[in-house]
Amino acid sequence: MNRRILLNAKQIEVISQRLCCQLMELHGNFKNTAIIGLQPRGVFFARRIHRIIAEMTRNTQVKYGDLDTTFYRDDFRRGNEIHEPKLLNIDFNIEDLNIILVDDVLYTGRSVRAALDALNDFGRPAKVELMTLIDRRFNRELPIQPDYVGFEVDTRSNEKVKVEWNDEEGNKIWILENNSLT
Amino acid sequence: MSQLSQPHLLGIKNITTSDIRKIFETADNFKQVINRPIKKVPSLRDITIANLFFENSTRTRISFELAEKRLSADVLNFSASNSSVSKGETLIDTVNNILAMKVDIVVMRHQAPGACVFLSKHIEAQIVNAGDGTHEHPTQALLDAYSIRERLGDVEGKKVVIVGDIMHSRVALSNIYCLKKLGAEVMVCGPSTLIPKFIESLGVKIETNLRKALEWCDVANMLRIQLERQDIKYFPSLREYTMMYGLNLKMLENLNKEIVIMHPGPINRGVEITSDIADSEHSIILDQVENGVAVRMAVLYLLAS
């Protein structure tokens with residue numbers, strides 16, 4: 001398996017700052033906006049965004065939640081890999097809020113579809129937007145597009161994009177290529 | 001087919017400890033789901049489940065039905081009393097006729113011990129045992145252990161006494177298997193006529209004095225006397241049973257520690273347990289019922305996946 005680094009820690013930091021500036025431009029002081037990270041891997045990025053937003057707006061009360069979509073997936077009983085349910089933690093009412101769904105990699109769009117379904121069970125938000133750190137733009141299987149994109153990448157389906165969250169310095173995004181399939 | 005080591009849930013005896021832990025972890029997630037304003041997820045929306053109850057049931061049946069509905073499955077209810085069973089149809093014929101209507105999972109309660117094992121050898125669908133005679137009642141044991149874990153943090157190392165009609169109780173047998181697999185110490189307590197001879201081979205302690213058993217334990221699971229299964233007299237009278245093995249508040253107050261009281265239901269108030277205990281903060285009887293739905297959702301979800 002070949003692997004190459006797509007983004008290093010410094011680049012991820014710059015992108016995160018830029019995305020937060022974009023969010024602030026549209027959502028102001030975040031009084032009516034909540035950030036929701038998608039389990040399992042989107043929550044690391046989402047928490048980071050939440051932290052930066054809190055620093056920038058000096059508002060420590062920005063609402064944050066983790067959303068698990070395991071029970072809403074469309075590949076249940078279809079022989080795919082098994083997804084273990086993770087923690088779901090939304091302790092506020094999403095009714096009439098602006099929700100920013102945050103994931104690390106947007107690929108087929110199916111997780112986001114499941115997330116929209118899951119969100120529906122918590123109420124009717126005023127608006128839902130999607131932020132992704134990496135957009136694998138040519139691999140979509142559903143008509144779902146992000147509103148905020150960190151980095152666009154053109155990949156083939158035998159490649160994998162992996163975001164490695166370590167401490168601040170060690171964050172990396174890899175592209176893994178599986179030769180056996182090429 | 002199934003995320004558990006077995007395609008069916010026939011009893012606790014043949015599932016593994018890691019199966020039990022996986023069920024508990026999944027049940028944690030479902031407990032969160034059933035406490036939300038919208039208590040439903042779409043996981044089993046393309047699955048049909050038949051609830052076949054050849055024996056009376058209130059809690060288990062409602063609990064299974066709710067669990068199925070909260071997973072968005074299609075549910076089919078069947079009870080023997082108003083069916084063709086009374087016209088002489090055999091078990092396999094009845095079930096096969098139901099399966100011909102494309103049913104994926106069968107939840108069955110039957111008065112004959114081993115009925116679910118028998119059925120699993122002859123039909124295609126996955127089977128969940130909801131109690132087979134005096135044999136096993138696996139989901140009850142799972143929810144009992146889950147409730148202990150919830151109240152005391154862990155099951156491992158805890159001392160649990162099961163009091164009452166051990167001989168005729170499927171809850172007792174399944175509980176013993178489940179608690180032993182999770183590392184608890186188990187004692188059974190009751191009149192010696194109602195304690196089966198083989199029970200010691202399962203690695204449980206035997207005690208015929210309720211006070212001593214209570215002093216030993218962290219958790220007491222009080223069982224009902226199953227008069228409907230007793231074909232001969234095992235003790236002189238219910239009144240005498242209550243005097244020897246009925247739990248009352250005075251006994252608990254005389255202990256120098258807090259213990260948790262459980263009961264799988266239905267309760268015969270004033271026989272095995274008095275009302276002041278059943279309704280007290282010592283008792284987790286209603287938590288057991290709530291956890292029953294979450295645990296059954298977890299079992300069905302893991303079996304179906």
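With a cut-off of 9 Å between beta carbons, the residues surrounding A:V161 carry a summed charge of +1, where Lys and Arg count +1 and Asp and Glu -1. What the pair-distance distribution of chain B shows, using all Cα-Cα distances binned every 20 Å from zero, is 34, 57, 9 percent. Cross-link reach is defined here as a Cα-Cα straight distance under 16 Å, omitting same-chain residues fewer than 8 places apart; for B:K212 the lysines meeting it are B:K159, B:K250, B:K257.
Which whole number gives the average count of other chain Cβ atoms within 10 Å of the Cβ atoms across peptide B:29-35?
On the way: counts 8, 2, 0, 5, 4, 0, 0.
Taking all residues of B:29-35 together, the mean is 3.
Just checking the output field for A:84-96: average partner chain Cβ neighbours within 10 Å of each residue's Cβ?
Details: counts 5, 11, 1, 3, 4, 1, 1, 0, 0, 1, 0, 1, 0.
Per residue, the number of nearby Cβ atoms from other chains is 2 on average.
Here the Kirkwood formula puts the hydrodynamic radius of region A:1-102 at 15.3 Å, using every distinct Cα pair. Residues A:H50, B:H282, arranged from fewest to most other Cβ atoms within 10 angstrom of their Cβ, appear as B:H282, A:H50. Three principal axis extents of region B:138-284 based on alpha-carbon atoms, in descending order, are 40, 33, 25 Å. In the protein assembly as shown, a dipole from Cβ-located charges (positive for Lys and Arg, negative for Asp and Glu) runs towards its positive end, and of B:I284, B:Q6, A:T60 it is B:Q6 whose Cα lies farthest in that direction. When each full DSSP H helix of chain A is screened for a Cα extent of at least 24 Å along its own axis and an average Kyte-Doolittle hydropathy of at least -1.0, the helices passing are A:9-27. For chain B, modelled as a GNM with alpha-carbon contacts under 10 angstrom, which of B:L44, B:L66, B:L227 fluctuates the most? Greatest mean-square fluctuation among the candidates belongs to B:L227. Placing +1 on the Cβ of every Lys and Arg and -1 on the Cβ of every Asp and Glu, with nothing else charged, gives the protein assembly as shown a dipole about its Cα centre of roughly 260 debye.
Which percent, nearest 5, of DSSP beta bridges in the protein assembly as shown are antiparallel? Roughly 15 percent of the DSSP beta bridges within the protein assembly as shown come out antiparallel. The GNM of chain A, with springs linking C-alpha atoms under 10 angstrom apart, assigns the highest mean-square fluctuation among A:L67, A:L133, A:L142 to A:L142.
With coordinates expressed along the principal axes, the C-alpha atoms belonging to region A:2-48 extend over 45, 23, 12 Å, beginning with the largest.
Between the residues B:N268, B:I232, B:N175, the greatest Cα displacement towards the positive end of the dipole of region B:138-284, with unit charges on the Cβ of Lys, Arg, Asp and Glu, is found for B:I232. Given 4 °C and 1.567 mPa s, how large is the Stokes-Einstein diffusion coefficient of chain A in µm²/s, with Rh as the Kirkwood radius over Cα pairs? Rounded, D is 76 µm²/s.
Give the residue list of chymotrypsin sites (Phe, Trp or Tyr not before Pro) in region A:1-108 that are DSSP loop and have at most 16 other beta-carbon atoms within 10 angstrom.
A:F92
Comparing B:K87, B:K102, B:K212 in a Gaussian network model of chain B, where Cα atoms under 10 Å apart are tied by springs, the biggest mean-square fluctuation is seen for B:K87.
Placing unit charges on the Cβ atoms of the charged side chains and taking the dipole of the protein assembly as shown about its Cα centre, the candidate lying farthest along the positive direction among A:I5, B:I92, B:I15 is B:I92. In the calculated pair-distance distribution of the protein assembly as shown, the portion above 31 angstrom amounts to 54 percent of the Cα-Cα pairs.
Throughout, read-outs are computed from the coordinates displayed, never taken from laboratory work. No experiment lies behind these values; they were computed from the predicted model shown. Please note: Cβ atoms are built from the backbone with ideal geometry, for glycine as well, and neighbour counts cover all protein chains shown.
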